[in-house]
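Comments concern the structure below.
The values are calculated or read from the model by the stated rules, or taken from the named source; none is laboratory data. It should be emphasised that the depicted structure is a prediction, and the values quoted were computed from it without experimental measurement. Virtual Cβ from ideal backbone geometry, glycine too; neighbours counted across all protein chains shown.
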Amino acid sequence: MKDEIVNKIFPYPLPSIAEIESKYPDRALPEGAKVTRIAPSPTGLMHIGNLSAALISERFAHQSDGVFFLRIEDTDQKRKVEGAVDLILKTFDDYDIQNDEGPVLNKKEIGLYGPYFQSARKEIYQAYVKDWLKKDLAYLCFCSEEEKEKNDALQVAQNMRPGYYGRWAKCRNLSQDTILQYLNEGKKFVVRFKSPGHYNNKIIIRDALRGNLKFPENDLDIVILKGDGLPTYHFAHLIDDHLMRTTHVFRGEEWLSSLPLHIQLFQAMGWNPPQYAHISHIQKMDETGNRRKISKRLDPEAKLTYYTDKGYPKVALIEYLLNLANSNFEDWRRANPDKPYTDFELSLKKLNASGALFDFLKLNSISKDVISKMTAQEVYDNALDWMKNYDPLFAQVMENNKDYMLKIFNIEREGAKKVRKDIIVWEDVKKEVAYFFDDLFSLTYKDACNLLSPLSVSDISNIINSFVETYDESDTKENWFSKIKKIASDYGFSADMKAYKANPSLFKGNISDVAKVLRVFVTGKDQSPDLYAIMQVMGKERVLKRLKI
Ligand code: GLU
């Protein structure tokens, strides 16, 4: 294209390509180090897929001594949402995803390959667009939206692919004079890539996750620079991932169809493309038994706020996502119960390519495990943090009774043979510990008897009265238990499970029925952690109050 036209479009100075390239040298990294990035658009919502892609990218970079950076793709001004970048940074911070470059919480940005906000890179993109125009790799298109819509409709009517390509690319061959005339008239324009491709040619592209994939060659003359002077996603991706020396792009499978275009763009520049790995969407079974992509619109669990609201420990969600990415994570975790998840080596070969189903049972079981490994103090701190936001009144109760709470959380925990796993999410804490507080405990005699049915009322009161008579808070667990055994035999219950199983008809029930009477009256539940420990933590006064009937 004539210099006269190019200078009309860019009447201001732009850096030269050589200047730009020299600012972004090859990175001095060890052999095999991966440079990865996550490139979200600031649309104001964090999807579980965003976190998964960020985690995978971060892990591959850091486990190979590489670099992981964050780039904000904010060239679509219409989609920009106030506060969205802060939300991304806060999410990274919450989930401990550490980026080596790009914006970070409480600082503008770090790293030498920036700026990391695409809106601040306008000059760079324009310098390349100018170069492409000069080299005839791109051209100006003056078609209006209406003209393009008409084009698409005509193509569809003729059973053809819609789009700006081949003979439908009307502005591809405008004469230089016409272009000058349009520009002088002040006609609006965009810049389009002059695709060298033919749709009927088939090409093979290697996806690091899916292997060799066959595509038709790209022939679309896509827009590279919009009317507002900012690039489109495709062009910005080309320039940025080249300059920022990205080696691996992990992104959602929705970008697979853009792959032939992206490869073609890199080829147009003679640059090496990064290795692409298109990550499968997390799926869900719909009501009719079909798999579908988990959706922000339909599924609350697609949004990260869902997990925060329920109170899943952050590391539980991270471990669940690692488990979805590499199914051998579970075996590794079993073999290495105490190692941090960062010791697990994520494998590119084993990355799940077929789309895993979201599995609440698995997430909950991971979450239970994560919490069961915490100390009482950690459970207290985490639960309190959550309560402060979601149940401030109970948070107050926790703070006013800190020592009591720590003792409660320590039942069947630190040093226990079998650690309790009754808390899945912080939301569960209140209902699991409420019975320790008189204000939150209510049980009618009738309800208790219902829970204990078919035991007779007289058996119930005999058991309770005898227990109360002999209860001594300083008893060891053995003494305490032998007293309950005695009560069992006194009232016709078997104190010995073996004897009971051999001939159940000889007894009214067994020792566990007797303990259950005490459990129901003390806790209001027919299942609980160790009853002896509960009584010890509650203290004599409260235990006896519960048993006074
Ligand atoms: N800005 C794109 C998105 O929001 C990034 C895609 C990519 O990772 O290349 O998904």
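Structure data summary
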quantity	calculated
Unique residue being among the basic types (Lys, Arg), away from the ligand (no atom under 16 Å from the Cβ) and within 19 Å of residue 231 (Cβ to Cβ) when the list is 23, 2, 8, 80	23
Yes/no for residue 225 being away from the ligand (no atom under 12 Å from the Cβ), over 29 Å from the mean Cα position of the chain (by Cα), surrounded by fewer than 22 Cβ atoms within 10 Å (Cβ to Cβ) and under 16 Å from residue 126 (Cα atoms)	no
Subset of region 505-540 that is under 40 Å from the mean Cα position of the chain (by Cα) and of a type in the set (Asp, Glu) - its residue that is surrounded by the fewest Cβ atoms within 10 Å (Cβ to Cβ)	526
Evaluation of residue 455 against (1) buried (at least 17 other Cβ atoms within 10 Å of the Cβ); (2) part of a helix (DSSP H, G or I) (one fails), failing number	(2)
Helices (runs of 4 or more DSSP H) contained entirely in region 507-549, each with at least 3 residues that are under 25 Å from residue 419 (Cα atoms) and out of contact with any helix residue (DSSP H, G or I) (no Cβ under 9 Å at 6 or more places or on another chain)	none
Residue 232 vs. criteria touching a Ser or Thr at 6+ places or on another chain (Cβ under 8 Å), closer than 23 Å to residue 172 by Cα and within 13 Å of the ligand (Cβ to nearest atom)	yes
Tabulated pairs, region 433-448, first exposed (fewer than 15 other Cβ atoms within 10 Å of the Cβ), second among the aliphatic types (A, V, I, L, M) and not in a helix (DSSP H, G or I), C-beta under 7 angstrom, 6+ apart or interchain	445/549
Among (1) farther than 20 Å from residue 269 by Cα; (2) surrounded by 15 or more Cβ atoms within 10 Å (Cβ to Cβ) - the single one residue 193 does not satisfy	(1)
Subset of region 93-117 [within 16 Å of the chain's Cα centre (by Cα) and farther than 26 Å from residue 28 by Cα]	93, 94, 95
Flag if residue 284 is more than 18 Å from residue 203 (Cα to Cα) and more than 16 Å from the ligand (Cβ to nearest atom)	yes
Residue that is over 30 Å from residue 33 (Cβ atoms) and at pLDDT below 95, where the choices are 416, 383	416
Hits in region 136-170 - residues which are among the small types (Gly, Ala, Ser) and either surrounded by 14 or more Cβ atoms within 10 Å (Cβ to Cβ) or in a loop (DSSP other than H, G, I, E, B) (or both)	138, 144, 163, 166, 169
Residue in region 95-106 that is part of a strand (DSSP E or B) and away from the ligand (no atom under 16 Å from the Cβ) present	yes
Any hit, region 35-46, residues being at pLDDT below 95, within 14 Å of the ligand (Cβ to nearest atom), surrounded by 19 or more Cβ atoms within 10 Å (Cβ to Cβ) and over 30 Å from residue 127 (Cα atoms)	yes
Output for region 458-504, where each listed residue is of a type in the set (A, V, I, L, M) and surrounded by 12 or more Cβ atoms within 10 Å (Cβ to Cβ)	460, 463, 464, 468, 484, 487, 488, 495, 499
Odd one out for residue 239, checked against (1) farther than 29 Å from residue 21 by Cα; (2) within 15 Å of the ligand (Cβ to nearest atom)	(1)
Residue list for region 47-61, restricted to those being part of a helix (DSSP H, G or I) and within 12 Å of the ligand (Cβ to nearest atom)	49, 50, 53, 54, 56, 57
Hits in region 62-73 (condition: away from the ligand (no atom under 14 Å from the Cβ) and either within 15 Å of residue 110 (Cβ to Cβ) or assigned to a loop (DSSP other than H, G, I, E, B) (or both))	64, 65, 66, 67
Count - residues of region 399-432 that are without any contact (Cβ under 8 Å) to a residue 40 or more places away in the chain and more than 22 Å from residue 367 (Cα to Cα)	5
Among (1) within 14 Å of the ligand (Cβ to nearest atom); (2) in contact with a helix residue (DSSP H, G or I) (Cβ under 6 Å, 6 or more places away or on another chain), the one test that residue 275 misses	(2)
